[in-house]
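The values are calculated or read from the model by the stated rules, or taken from the named source; none is laboratory data. A quick note: this is a predicted structure, and the numbers were derived from the prediction, not measured. Cβ coordinates were reconstructed from backbone atoms using ideal geometry, including for glycine residues, and neighbour counts include every protein chain displayed.
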Amino acid sequence: QHLRGFISGKITAPDQFIITGGKQQINLDYLQWKCQIDSYVDGSE
């Protein structure tokens, strides 16, 4: 149920990286999303 929006394409994942002042860095929203998705997929949530 939680992944339905991603599968249908209605919800997109946050960008993995952001560029600030010419520097590329990991997007913290992406890390939070990835951990949440991983927990749904492995069944721990």
Check: What are the residue pairs meeting all of these: first residue in region 28-45, first residue over 22 Å from Phe17 (Cβ atoms) and modelled with pLDDT under 90, second residue polar (S, T, N, Q) and in a helix (DSSP H, G or I), Cβ atoms under 8 Å, and 6 or more apart or on different chains?
Finding: Glu45/Gln36; Glu45/Ser39
Next item on the list: Could you check how many residues of region 1-16 are at pLDDT 75 or above and surrounded by 10 or more Cβ atoms within 10 Å (Cβ to Cβ)?
Entry: 5
